[in-house]
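Structure first, commentary second.
The values are calculated or read from the model by the stated rules, or taken from the named source; none is laboratory data. These numbers come from a predicted model, not from an experiment. Cβ coordinates were reconstructed from backbone atoms using ideal geometry, including for glycine residues, and neighbour counts include every protein chain displayed. Accessible surface areas use protein heavy atoms only, side chains included; no ligands, DNA or RNA. Shrake-Rupley method; radii C 1.70, N 1.55, O 1.52, S 1.80 Å.
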Amino acid sequence: MNHSLSIKHNNSAPAAQESVLEIWGRASLKGHVKISGAKNSALAIMAGSLLCPEDCRLRNVPALVDIGMMGEILSALGVKLERIGDTLEIDARHLNNSIAPYELVSKLRASFFALGPLLARMGEARIPLPGGCAIGARPVDLHVRGLQAMGAEVHIEHGMVHAYVKGTLSKRLKGAKIYLDYPSVGATETLMMAATLAEGETIIENAAQEPEVTDLAGFCRAMGAQIRGDGTNTIVINGVPSLHSVDYPIIPDRIEAGTFLVAGAITHSEIILSPVVPDHLIPVIAKLKDIGCQVIAEDAHSLRIVPGNLLATDIETLPYPGFPTDMQAPFMALLTLAQGNSAIAETVFENRLGHVPELNRMGADIRIKGNMALVRGVPILSGAPVMATDLRASAALVLAGLAADGKTTIQGLHHLDRGYENLEAKLQQLGAKLQRVPIDAESEVESTSEVTTELSEVSH
Ligand code: EPU
């Protein structure tokens, strides 16, 4: 195995910070699009590889900036990684450090996922508090309380979470019954990973049921962990003394798939997507039907979107199997062009409406009331210079740009590159007219958005 970190960033395009995306809207799309591996599964599973003292091979890993950053975190802990195509070979045999560096954690919130596995494997971990980000404060109290219930001492000092298992020779956490006040994806993942190596049984009640949680459970099981109930709200883990090598494929990205379904709907185009797991898209498909589109299963792993006249609908984001918060911004872009009034309630994150002023710059009619966006459908959007404020907001702007009259120029592409693999190439292949161009003095985009702060640099 090559001992250097060789994860390729998604850098087939020029450096994101120096480029803008120009889209000429109203082109029809047609054809097939390949859906990449799920970013949020891959991030959690990469952290989970810290549990494995033997070789670990992950397949279908998307080439994204966030994945590269998680690789850097693991590398800083002593893990060896090598990327070959979409396969990631991970060797976490010799961990030489249980402290994740702040410079990296501050750029990638998901690196906090290292806490549970590091603590379980090493008996100690020090991870900087990740802090808030563009979409909300995002505390980690549920992760911490759960680990404490499993016998960990946790001190938060100087911006650092220091967790350790006291005293005993074995340094193993103890199984516990943990009720989560909210079915947090991250907390469920942290506690499930920690419990795989704990002594005895852990029961996580009111657990998150997201497919990414189930994928992480599948990965841990493939290493010999004893987990059942994932995909329901009660997960039971019987700790084992150690885990073994694994070869594991990441599930397809349901949010990328949902984004392409909306691309078909908003451009009135038929698109076929694969591979997908249709069951992971049930709330998204149901809403597309309400809006007037059909989503047809071509086979067990392919979906076809058949567009229709767009009709208003109401949406409330919820933990899975409710409507995903990560699809809220893309659906808002779609509903700006629907007949009638739609109400969209964001209940998962407290600050996830940064795309609203930008969509309004394109002629949308959206008002914000608390955590609600009230969307009055308009007949047409007009291309404009806009600023991406977070990952899914940037996807919404791309979708709006595909439907808008004239040229849309999107700035802040570093958000997009964190979560969508080769988005431009995939859209171009479907017939969209778009290109990434370096920013020059003339094309510098001025946005009215006040949301873009340093915080919005932090990833998801
Ligand atoms: N929360 C707490 N305390 C905690 C943990 C969470 O109050 O200890 C709150 C959060 O502040 C938030 C809510 O619970 O208001 C939900 O947070 P959750 O922990 O479920 O989300 P997460 O694990 O931080 C993951 C995804 C997000 C996705 C959410 C919800 C990763 C790396 N991120 O975040 O993905 O929106 O679950 O499904 O898995 C994205 O991909 O764009 C993205 C933001």
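Observations
Results for (1) hydrophobic (A, V, I, L, M, F, W, C); (2) surrounded by 20 or more Cβ atoms within 10 Å (Cβ to Cβ); (3) farther than 30 Å from D215 by Cβ, shown as yes or no for each residue.
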| residue | (1), (2), (3) |
| --- | --- |
| E316 | no, no, no |
| Q328 | no, yes, no |
| M332 | yes, yes, no |
| E346 | no, yes, no |
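- Filter result for V65 (β-branched (V, I, T), within 16 Å of the ligand (Cβ to nearest atom) and either open to solvent by 10 Å² or more (accessible area, probe 1.4 Å) or in the same structural domain as E256 (by TED's automatic domain parsing) (or both)): yes
- Which listed residue, of E205, E201, E210, is among the charged types (D, E, K, R), over 22 Å from the mean Cα position of the chain (by Cα), within 16 Å of the ligand (Cβ to nearest atom) and not assigned by TED's automatic domain parsing to the domain that holds Y320: E205
- Exactly one residue out of R145, R172, R121, R93 is open to solvent by 20 Å² or more (accessible area, probe 1.4 Å) and within 16 Å of the ligand (Cβ to nearest atom): that is R145.
- Test result for T232, more than 23 Å from R109 (Cβ to Cβ) and free of Cβ contacts under 8 Å to residues at least 40 places away in the same chain: yes
- Filter result (open to solvent by 40 Å² or more (accessible area, probe 1.4 Å), modelled with pLDDT of 95 or more and within 16 Å of the ligand (Cβ to nearest atom)) within the range 350-368: none
- When restricted to residues that are in a helix (DSSP H, G or I), crowded, with 16+ Cβ neighbours inside 10 Å, at pLDDT 90 or above and not charged (D, E, K, R), the range 415-460 contains 5.
- Any hit, the range 31-39, residues being open to solvent by less than 10 Å² (accessible area, probe 1.4 Å), at positive phi and in contact with a Lys or Arg (Cβ under 7 Å, 6 or more places away or on another chain): no
- Some residue of the range 400-408 being farther than 17 Å from W24 by Cβ and buried (at least 24 other Cβ atoms within 10 Å of the Cβ): no
- Qualifying position, being among the small types (G, A, S) and in contact with a Leu (Cβ under 8 Å, 6 or more places away or on another chain), among A384, A395, A425: A395
- Qualifying residue in the range 179-189 (condition: within 18 Å of the chain's Cα centre (by Cα), within 9 Å of the ligand (Cβ to nearest atom) and hydroxyl-bearing (S, T, Y)): yes
- One residue stands out in the range 189-247 among those that are hydroxyl-bearing (S, T, Y) and open to solvent by 10 Å² or more (accessible area, probe 1.4 Å): the one that is farthest from T87 (Cα to Cα), namely T234.
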